[in-house]
Every structure is written in C-alpha cells, then in structure tokens.
Amino acid sequence: MREQLVARTCAWCGKPVPYKGTGRPPKYCTAAHRTRAYELRTAQARAGRPPGEGGQVQEPVVRVVERTETIVRTVVRREPGEVREVPAARLSGEPYTLPEDAVEWAQALAHLRRTAEAGGLPDVAREPLARACEAAARALRSPRP
Ligand SMILES: [Zn+2]
C-alpha cells in the first residue's frame with residue numbers, strides 16, 4: 001500500500017489545493033490568501049503587545065463627555081451706595097437697623113421679652129414698650145388693607 005498527497009485544503013478559504021508531488025505542499029490556494037493569512041497573523045501579534053509598545057488595550061472603550069449646564073438664579077444685590085432706611089440712632093450716635101424679616105423680628109421680640117423678664121428695662125420704658133407691642137399685635141392680627 002502506498003499513500004501519496006494529492007491535495008490539501010487552503011488554510012484561508014478551505015478550498016482544495018492540488019499538490020503536484022514535488023516540493024513543499026502549498027498551504028494556500030492563491031497568493032492573495034497567503035497574504036491575508038500573513039496580515040492577520042502579524043496584526044494579531046502586534047495587537048498582543050503591551051499598549052505602551054503599540055499593542056491593543058484590553059479595557060472597554062470609555063466615552064469622555066463634557067456637559068455644560070446653565071443655571072438661572074435670581075440674585076438681589078444692594079447697590080454700594082444704597083442706604084437702608086434707618087429710623088433713628090442710638091444714644092451713642094451709632095445708627096441701628098431694624099430686623100429684615102419675620103425670623104429676625106421674632107428674635108428681636110424674644111430678646112425684648114427676655115430682657116423685660118430679667119428686669120433689664122427701666123420702669124419708665126416698660127409701659128410705652130408694652131403699648132407699642134400691643135399696637136403691633138393688633139396690626140398683625142387685623143386684615144390687610
Ligand atoms: Zn484560499
């Protein structure tokens with residue numbers, strides 16, 4: 001019994017490649033398929049190198065986005081020259097200012113109450129202050145004009 005190679009399949013496309021019986025048996029049916037196989041082999045080798053040496057990174061692709069958001073905010077600023085209404089000055093001549101909102105008014109009135117409870121107001125001032133507070137309370141409880 002004698003066995004002789006007569007053909008093999010192309011390593012690229014799988015088609016049969018006839019072998020004449022002399023020399024090294026061909027691996028590819030055409031030069032084009034030999035070239036494609038070479039390009040793929042060398043490309044895989046290049047991709048397998050470390051990324052710093054031209055290789056392909058293994059991490060997934062990351063998208064870097066830049067987002068600009070515009071926030072519209074209303075800011076009320078006092079002009080530098082604007083002077084708030086100052087109803088009076090301290091005995092020392094220093095101007096004093098009134099509370100600006102309900103919280104500050106409540107704090108100021110609580111301070112007045114604590115001062116009165118501690119006896120920190122002269123007797124002559126207590127009754128006028130009480131009348132002023134009662135008038136303010138009536139105004140606060142009356143319907144708006
Ligand atoms: Zn082929």
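What ranking, highest mean first, results for peptides 126-138, 48-60, 28-40 when packing means the other Cβ atoms within 10 Å averaged over each residue? All intermediate terms of the calculation are to be shown ahead of the outcome.
Working: 126-138: 10.8, 48-60: 8.8, 28-40: 13.8.
Top to bottom by mean Cβ count within 10 Å: 28-40, 126-138, 48-60.
State the extension gain, in nm to one decimal, for the chain segment bounded by residue 8 and residue 112, taking 0.36 nm per residue of separation less the distance between their alpha-carbons. Let's see the in-between values first.
Values: separation 104, 0.36 × 104 = 37.44 nm, distance 10.81 nm.
Taking residue 8 through residue 112 to full extension adds about 26.6 nm, to one decimal.
Using a simple spin-label model with points 7 Å from Cα along the Cα→Cβ vector, what separation in nm is obtained for residue 61 and residue 15?
It is 3.4 nm.
Give the residue from 128, 107, 139 lying farthest towards the positive end of the charge dipole for region 102-141; charges sit on Cβ (+1 for Lys and Arg, -1 for Asp and Glu) and the dipole is referred to the Cα centre.
139
For helix 31-47, what angle does its Cα long axis make with the longest principal axis of the chain, in degrees from 0 to 90 and rounded to 10?
For 31-47 against the chain, the angle is about 40 degrees.
Of 22, 115, 42, which has the largest mean-square fluctuation in a 10 Å C-alpha GNM of the chain?
Between 22, 115, 42, it is 22 that shows the largest mean-square fluctuation.
What distance in nm separates the simple spin-label points at residue 49 and residue 104, each placed 7 Å from Cα in the Cβ direction?
Inter-label distance under the simple model: 7.2 nm.
How long is the gain from residue 1 to residue 144 if the chain were fully straight, where each residue apart is worth 0.36 nm and the alpha carbon distance is subtracted?
39.3 nm
Over the chain, with every protein chain in place, what whole percent of the accessible area is carbon and sulfur at 1.4 Å, could you tell me? Don't skip to the answer; put the middle values down first.
Working: 7440 of 13660 Å².
Answer for the chain is 54 percent, counting heavy atoms of protein chains only.
Give me, ordered by chain and number, the residues 5 or more places off residue 13 or on other chains with an amide H under 5 Å from its own placed amide H.
Excluding prolines and chain starts, which carry no amide H, the hits are 29.
In debye, nearest 20: dipole of the chain around its Cα centre with unit charges on the Cβ of K, R (+) and D, E (-)? Walk me through the numbers on the way to the answer.
Numbers: 25 positive and 17 negative charges, 440 e Å.
Charge dipole, the chain, about its Cα centre: 2120 debye, nearest 20.
Once both axes come from the Cα atoms, what is the angle between helix 102-117 and the longest principal axis of the chain, in degrees from 0 to 90, rounded to 10?
40
At a 1.4 Å probe radius, which order do 20, 27 fall into by accessible area, largest first?
Numbers: 20 195, 27 105 Å².
Solvent-accessible surface, decreasing: 20, 27.
The values are calculated or read from the model by the stated rules, or taken from the named source; none is laboratory data. The model shown is predicted, which means the values in this text are computed figures rather than measured ones. A quick note on method: Cβ atoms are made from the backbone with ideal geometry, for glycine too, and the neighbour counts reach across all protein chains shown. These accessible areas exclude ligands, DNA and RNA; they are computed on the full protein's heavy atoms, side chains included. Shrake-Rupley method; radii C 1.70, N 1.55, O 1.52, S 1.80 Å.
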